[in-house]
Amino acid sequence: MKNQILLLVALFMCTVTFAQKDEIKAAEKAIKKDDYAAAQAQIQSAESLIANADDKTKAKFYYLKGETYAGLAKTDPSAENYDQAASSFNALFDVEEKLGSSKYTTMAEPTLNTMISEVSAKGIKSYQDKNYEAAKTELHQVYSLSPRDTVYLEYAANAAYMAKDFDLALDYFTTLKDLGYTGIATEYTAVNVETGERENMGSKAQMDLMVKAGSYSDPKEITSESKQPTIIKNIAFVHVEKGDTEKAIAAVKDARKVAPEDVALILTEANLQIKLGNRDEFASLMSQAIELDPTNPTLYFNLGVIAGEQGESEKSKEYYKKAIELDPDYVDAYINLGSAILEDDKVLVEEMNKSLNDFDKYDEIKAKQIALYKEVIPVYEKAYSLRPNDLDTIRTLMSLYENTEMNDKFQAMKEKYDSMK
């Protein structure tokens, strides 16, 4: 009885193998006739049986499947057809590598290279045209077709980020990080003797050949910096966009271990800390940023904002003045400096209200108020010259001119205000 069962199993396996090979042969014939729909039907029929096939049969099957979906992609360039072709060819390469053979791999390479060339051209054009929704798919298809070209996964991640598909961008950037992707590349360049322009020569051999021929000079090998810090930084930025503040801070801290002197990272963490209400941590980070980039006016401006919010008016003024010193056209710094100076006006108004029955004291405080207004007027006038259509600045100058009895200036500013209403 046992022998009968074994015989039945053997007969079944034999039948399956014959059926499988018949379908593979039928698919091969259909491909030769460019009848990819018929080939797809045969491939799908054999798919469920391929797991039990020997490696040589698997190699041929995956080759034919790849060719089938590559053929279908010519008239229907859908993500599914490209993905099926990519996964099939990659499965073929794995099987033949295990076999120590390259028969079908060699046959598949022209089709694969054509697909890579076509899809990469589409993806790059979509990205250049700012069609990031299409680019994120097309560029990832290139990576699927050729996992060695990890740079296309980076391009796809950037496209997904620009398309605001933050979940997908996070997935791609995280994959790049896990792969240990650095993006380091060496570029071989030389100066075209005829045009004087430096050109990319493609390879060291080509560069050396052209220089030796005398048509190019000044050869240079330029090795790019690692993109690993940028990848980790982008993971943090995606978390920021997703509103995952805690995860974003953790990612930024991770990125700062790789690039401790990256001012953009410090500022990113500072902005996250302020969202959480951690003002002391914010101030500390901003101070670190200033140490690394002491001529950046924005850093001083941000410190001025925080100092003002913490009630440190004098310190905030100094920060705004420093920002203006570094950038004389920093309009927001002028506006905030003016606002900080006018903080003293609140105290003066309170004192005046308490001295309504003491005319001498009232007049003394009023004189201080006028002096304060005259001190701040040039600050707001500079802001107005830089941003002449800002209604808040116009209203502030109208009030200052009126209170200091600068009637001509008040009238001119009022006309400007009325024309904008």
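The residues of segment 380-413 that are free of Cβ contacts under 8 Å to residues at least 24 places away in the same chain and touching a helix residue (DSSP H, G or I) at 6+ places or on another chain (Cβ under 6 Å), listed by number, are TYR384, LEU397, MET398, GLU402, LYS409, PHE410, MET413.
Of all residues in segment 382-420, those satisfying the criterion of being closer than 24 Å to ASP332 by Cβ, charged (D, E, K, R) and open to solvent by 50 Å² or more (accessible area, probe 1.4 Å) are LYS382, ARG387, ASP392, ARG395, LYS409, LYS416. Taking every residue in segment 21-47 that is under 14 Å from TYR63 (Cβ atoms) and touching a residue at least 60 places away in the same chain (Cβ under 8 Å) and pairing it with any residue that is open to solvent by less than 60 Å² (accessible area, probe 1.4 Å) and in a helix (DSSP H, G or I), at least 6 positions away or on another chain, yields no pair with a Cβ-Cβ distance below 7 Å.
Among the residues in segment 92-112, are any within 24 Å of ALA157 (Cα to Cα), in a helix (DSSP H, G or I) and not acidic (Asp, Glu)? Yes, segment 92-112 has at least one match. Condition check for LEU285 on (1) more than 13 Å from ALA340 (Cβ to Cβ); (2) in contact (Cβ under 8 Å) with a residue 24 or more places away in the chain; (3) crowded, with 19+ Cβ neighbours inside 10 Å: one failure, at (2). Close contacts from segment 106-121, counting a first residue that is within 16 Å of HIS140 (Cβ to Cβ) and a second that is among the β-branched types (Val, Ile, Thr) and part of a helix (DSSP H, G or I), with Cβ to Cβ under 7 Å and a gap of 6+ residues or different chains, come to ILE116/VAL142; VAL119/VAL142; SER120/VAL142.
Only one entry of VAL305, VAL349 meets the criterion of being out of contact with any His (no Cβ under 9 Å at 6 or more places or on another chain), farther than 21 Å from ASN271 by Cβ and either open to solvent by 70 Å² or more (accessible area, probe 1.4 Å) or not small (Gly, Ala, Ser) (or both), and that entry is VAL349.
Annotation: of all residues in segment 191-226 being in a strand (DSSP E or B), in contact with a Ser or Thr (Cβ under 6 Å, 6 or more places away or on another chain) and polar (S, T, N, Q), the one that is surrounded by the fewest Cβ atoms within 10 Å (Cβ to Cβ) is THR223. Applying a threshold of 7 Å to beta carbon distances and a minimum spacing of six or more residues, or different chains, the list of pairs starting in segment 270-282 at a residue that is outside any loop (DSSP other than H, G, I, E, B) and ending at one that is open to solvent by 70 Å² or more (accessible area, probe 1.4 Å) reads GLN273/GLU281; ARG279/GLN310. If you go through segment 130-153 and keep only what is within 15 Å of the chain's Cα centre (by Cα), charged (D, E, K, R) and crowded, with 22+ Cβ neighbours inside 10 Å, you end up with just LYS136. Condition (residue is farther than 30 Å from ASN296 by Cβ and not small (Gly, Ala, Ser)) applied to segment 323-340: is it met by at least one residue? No: zero hits.
Only one entry in TYR132, TYR161, TYR127, TYR188 is touching a helix residue (DSSP H, G or I) at 6+ places or on another chain (Cβ under 6 Å), modelled with pLDDT of 90 or more and farther than 21 Å from LYS242 by Cα, namely TYR127.
With respect to (1) touching a strand residue (DSSP E or B) at 6+ places or on another chain (Cβ under 9 Å); (2) open to solvent by 60 Å² or more (accessible area, probe 1.4 Å), the lone exception for GLU118 is condition (1).
Of all the numbered requirements in (1) over 24 Å from ASP165 (Cα atoms); (2) part of a loop (DSSP other than H, G, I, E, B), GLY183 misses one, and that requirement is (1).
GLU314 falls short on exactly one of the conditions (1) of a type in the set (D, E, K, R); (2) open to solvent by less than 40 Å² (accessible area, probe 1.4 Å); (3) modelled with pLDDT of 85 or more, and that condition is (2). When segment 36-78 is limited to residues that are surrounded by fewer than 16 Cβ atoms within 10 Å (Cβ to Cβ) and among the acidic types (Asp, Glu), the one that is modelled with the lowest pLDDT turns out to be GLU47. Checking each residue in segment 84-111 for being open to solvent by less than 20 Å² (accessible area, probe 1.4 Å) and charged (D, E, K, R) picks out only GLU96. Residue count for segment 304-326, restricted to those that are among the aromatic types (Phe, Trp, Tyr) and farther than 18 Å from LEU285 by Cβ: 1. For the condition over 24 Å from ALA383 (Cα atoms), open to solvent by less than 60 Å² (accessible area, probe 1.4 Å) and in contact with a helix residue (DSSP H, G or I) (Cβ under 6 Å, 6 or more places away or on another chain), LEU337 does not qualify.
None of TYR127, TYR188 is within 13 Å of the chain's Cα centre (by Cα), open to solvent by 30 Å² or more (accessible area, probe 1.4 Å) and not basic (Lys, Arg) except TYR127.
Taking residues in segment 177-206 that are at positive phi, and partners anywhere that are open to solvent by less than 50 Å² (accessible area, probe 1.4 Å) and aliphatic (A, V, I, L, M), the pairs with Cβ atoms closer than 7 Å and at least 6 places apart or on different chains are GLY183/VAL151. If you filter segment 161-173 down to residues that are outside any loop (DSSP other than H, G, I, E, B) and farther than 14 Å from THR230 by Cβ, you find that the one that is nearest to the chain's Cα centre (by Cα) is MET162.
The values are calculated or read from the model by the stated rules, or taken from the named source; none is laboratory data. These numbers come from a predicted model, not from an experiment. FYI the Cβ positions are ideal-geometry reconstructions off the backbone, even for glycines, and counts take in every protein chain you see. Areas reflect the complete protein model, heavy atoms only, side chains present, ligands, DNA and RNA absent. Shrake-Rupley method; radii C 1.70, N 1.55, O 1.52, S 1.80 Å.
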